[in-house]
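Each remark here refers to the structure printed beneath this line.
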Amino acid sequence: MGSTDPLARRDEAPIHRVRVDGFWISPTEVTNSQFANFVEATGYTTTAERAVDWEQLRQQVAPGTPKPPDDMLRPGSLVFVPPPGQPGESCADLSWWQWTIGADWRHPEGPASDITDRMDHPVVQVSYEDALAYCAWAGGRLPTEAEWEFAARGGLKDAVNPWGNEPIGPTRANTWQGSFPRVNSHEDGFVRTAPVASYPPNGYGLYDMAGNVWEWTSDLFRDDTYALMARSLGPDGVAANPKGPPASHDPRNPHAPDVRVQRGGSFLCNDSYCASYRVSARMGCTPDTGMSHVGIRLVRDAEAPKPTAPAQPIAPPAAVTPPASDH
């Protein structure tokens with residue numbers, strides 16, 4: 001796991017050896033259609049569809065932060081909106097995210113949007129809590145960070161991307177083409193999410209392990225996770241089935257507890273900003289946060305019983321059986 005690629009960030013180092021047991025993983029991200037079946041069967045209400053709990057939110061911000069106006073605590077979520085200005089003109093980091101009242105999984109960009117013609121797109125605006133609820137209903141769980149990276153590599157030991165070391169391009173993944181964050185030329189045919197399996201799979205038959213939407217994992221996020229792990233490897237120098245650190249810390253969100261790891265990048269990834277379509281790229285996010293580029297992928301233990309409420313994948317799930325050698 002990890003990377004020394006020129007585009008790699010500090011939290012991707014050092015490279016270290018990991019062993020994971022075999023597991024089953026969905027070939028695609030969970031779709032709007034699949035998530036709708038879950039909501040219809042259970043009556044579940046997602047985080048974005050509930051009013052914001054100020055007592056919960058205040059634990060994630062600096063002490064003394066004033067309570068926002070009640071109007072801003074109505075149900076909503078974060079939506080990507082290109083900032084004003086000309087291509088190449090500087091702008092404040094993350095200024096392209098807007099808190100949008102009425103944004104949720106049914107209305108990814110706000111109340112004026114819907115998913116009527118996007119039922120085969122990945123569900124978005126789902127929090128970590130929502131992801132856990134879906135997985136429990138579907139008879140599975142979220143992948144660990146190590147499982148996710150092993151699956152994303154598709155059997156390629158030293159690959160930078162799910163397809164190898166060749167550069168990203170509009171025929172390989174749904175990412176941002178153009179000048180981020182203002183101009184997306186959408187050479188790949190999509191400005192936002194794409195239908196799942198629109199691009200070629202990796203060596204394990206898994207689609208969209210790069211781009212389209214970020215995917216929740218079960219691990220807590222620390223920017224120094226790999227450095228800490230490297231000091232506590234087993235006698236053979238291998239970490240066996242790591243499940244992340246016992247506590248999180250994210251310098252970008254220093255007051256937030258329980259920040260979780262997301263993997264895979266999204267339709268917003270661009271070399272000029274993050275290049276997070278790479279298999280080693282990591283991101284931390286607070287568990288109650290939904291965003292218009294974050295979704296879910298399901299895994300099951302190798303010996304898990306068949307679920308009573310199948311997730312209805314569009315293709316049979318792919319068995320991931322690690323070879324005898326470590327990666």
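The values are calculated or read from the model by the stated rules, or taken from the named source; none is laboratory data. None of the values given here were measured: they were computed from a predicted structure. Positions of Cβ are generated from backbone atoms using ideal geometry, with glycine treated the same way; all protein chains shown enter the neighbour counts. The accessibility values were calculated without ligands, DNA or RNA, using every heavy atom of the protein model including side chains. Shrake-Rupley method; radii C 1.70, N 1.55, O 1.52, S 1.80 Å.
Numbers below:
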| quantity | calculated |
| --- | --- |
| Meets criteria (surrounded by fewer than 14 Cβ atoms within 10 Å (Cβ to Cβ) and over 19 Å from the mean Cα position of the chain (by Cα)) for residue 111 | yes |
| Test: residue in the range 3-11 that is part of a loop (DSSP other than H, G, I, E, B), surrounded by 14 or more Cβ atoms within 10 Å (Cβ to Cβ) and among the charged types (D, E, K, R) | yes |
| Selection count where residues are assigned to a helix (DSSP H, G or I) and touching a residue at least 24 places away in the same chain (Cβ under 8 Å), scope the range 72-89 | 1 |
| Any hit, the range 253-260, residues being surrounded by 15 or more Cβ atoms within 10 Å (Cβ to Cβ) and modelled with pLDDT of 90 or more | yes |
| Matching residues, the range 69-82, being open to solvent by less than 80 Å² (accessible area, probe 1.4 Å) and among the hydrophobic types (A, V, I, L, M, F, W, C) | 73, 78, 79, 80, 81 |
| Index of the failed condition, residue 143 passing every other in (1) open to solvent by 20 Å² or more (accessible area, probe 1.4 Å); (2) assigned to a loop (DSSP other than H, G, I, E, B) | (1) |
| Top-ranked residue in the range 167-185 [being within 24 Å of residue 86 (Cα to Cα) and of a type in the set (Ser, Thr, Tyr); ranked as surrounded by the most Cβ atoms within 10 Å (Cβ to Cβ)] | 175 |
| Of all residues in the range 128-140 being open to solvent by 10 Å² or more (accessible area, probe 1.4 Å) and touching a residue at least 12 places away in the same chain (Cβ under 8 Å), the one that is nearest to residue 207 (Cα to Cα) | 140 |
| Meets criteria (at positive phi, touching a residue at least 12 places away in the same chain (Cβ under 8 Å), open to solvent by less than 20 Å² (accessible area, probe 1.4 Å) and in a loop (DSSP other than H, G, I, E, B)) for residue 155 | no |
| So residue 228, is it over 19 Å from residue 130 (Cα atoms), open to solvent by 50 Å² or more (accessible area, probe 1.4 Å), at pLDDT below 95 and not in a loop (DSSP other than H, G, I, E, B) | yes |
| Candidate set from the range 87-97 (those that are over 19 Å from the mean Cα position of the chain (by Cα) and either under 24 Å from residue 194 (Cβ atoms) or polar (S, T, N, Q) (or both)); member that is surrounded by the most Cβ atoms within 10 Å (Cβ to Cβ) | 95 |
| Some residue of the range 118-127 being among the charged types (D, E, K, R) and in contact (Cβ under 8 Å) with a residue 24 or more places away in the chain | yes |
| Tally of residues being of a type in the set (S, T, N, Q) and open to solvent by less than 40 Å² (accessible area, probe 1.4 Å) across the range 46-68 | 3 |
| Of all residues making up the range 186-222, the number that are open to solvent by 40 Å² or more (accessible area, probe 1.4 Å) and closer than 22 Å to residue 117 by Cβ | 8 |
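Okay, residues lined up against (1) part of a helix (DSSP H, G or I); (2) among the hydrophobic types (A, V, I, L, M, F, W, C); (3) under 14 Å from residue 292 (Cβ atoms):
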| site | (1), (2), (3) |
| --- | --- |
| 66 | no, no, no |
| 91 | no, yes, no |
| 95 | no, no, no |
| 98 | no, no, yes |
| 129 | yes, no, no |
| 133 | yes, yes, no |
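Residues are listed down the side, and each one gets a yes or a no for (1) without any contact (Cβ under 8 Å) to a residue 24 or more places away in the chain; (2) in a loop (DSSP other than H, G, I, E, B); (3) within 25 Å of residue 298 (Cβ to Cβ):
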| site | (1), (2), (3) |
| --- | --- |
| 167 | yes, yes, no |
| 192 | no, yes, yes |
| 207 | no, yes, yes |
| 216 | no, no, yes |
